[in-house]
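To start, the structure itself, in structure tokens.
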Amino acid sequence: KKKKKKGSDGDAAAAAAEEEAPKAEEPKMSEGEKQSILDAAVAAAKPFSELDTAVTAATKAEFGDYQCNAAMSLAKNVGMSPRDCAAKIVEGLRPYIADFMDEPEIAGPGFINLRFKEEYLANAVKSMSEDAGPGGRLALPPVS
């Protein structure tokens, strides 16, 4: 068997033929198709567990009523700083909680503090009192 020499005429001819061959154009994707693929990938991504998304009662009154630490664990997986990640989470939450929570507060490196609106709580208590059964008791049977 003969060994081929590097840079032989056969290799050069093959490379020239490859360059001359018409290249098939890649199908172009619309921006909508690209966005659909991106949205599907984001929806399928699970970079953290449900435990990481937990919203818990605030540990101190000055932190509000609830706190969410999801940005702290999620940030590393998405290549963002925890504070920037918290800002994205707040941006996504805002339309869902605007009716009953004050503007979420990002504290420290990326903690999200949530506080109920006083008006919402007052209306909830008023509504419960109006729903009270006989004797004015809230969801408790009267004592005889």
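Counting charges near Asp39 (Lys, Arg +1; Asp, Glu -1) among other residues having Cβ under 14 Å from its Cβ returns a value of -1.
For the pairs Lys88/Lys126; Lys34/Lys88; Lys88/Lys117; Lys76/Lys117, note any where the Cα-Cα span goes beyond 28 Å. Could you put the intermediate results ahead of the total?
On the way: Lys88/Lys126 34 Å; Lys34/Lys88 21 Å; Lys88/Lys117 22 Å; Lys76/Lys117 32 Å.
Those over the limit are Lys88/Lys126; Lys76/Lys117.
Taking all protein chains as they are arranged and a probe of 1.4 Å, the heavy atoms of Asp39 leave approximately 80 Å² accessible to solvent.
Computed on protein heavy atoms with a 1.4 Å probe, the accessible areas place Asp102, Asp131 in the order Asp131, Asp102, largest first.
The heavy atoms of Phe100 offer some 60 square angstrom of accessible surface to a 1.4 angstrom probe.
Note on Glu105 and Ser30: their simple-model spin labels are 4.6 nm apart, each label 7 Å out from Cα toward Cβ.
The values are calculated or read from the model by the stated rules, or taken from the named source; none is laboratory data. As the structure is a prediction and not an experimental result, all values here were calculated from the model. Methodologically, a virtual Cβ is constructed for each residue, glycine included, from the backbone with ideal geometry; neighbour enumeration extends over all protein chains shown. All accessible areas refer to the heavy atoms of the entire protein, side chains included, with ligands and DNA or RNA removed. Shrake-Rupley method; radii C 1.70, N 1.55, O 1.52, S 1.80 Å.
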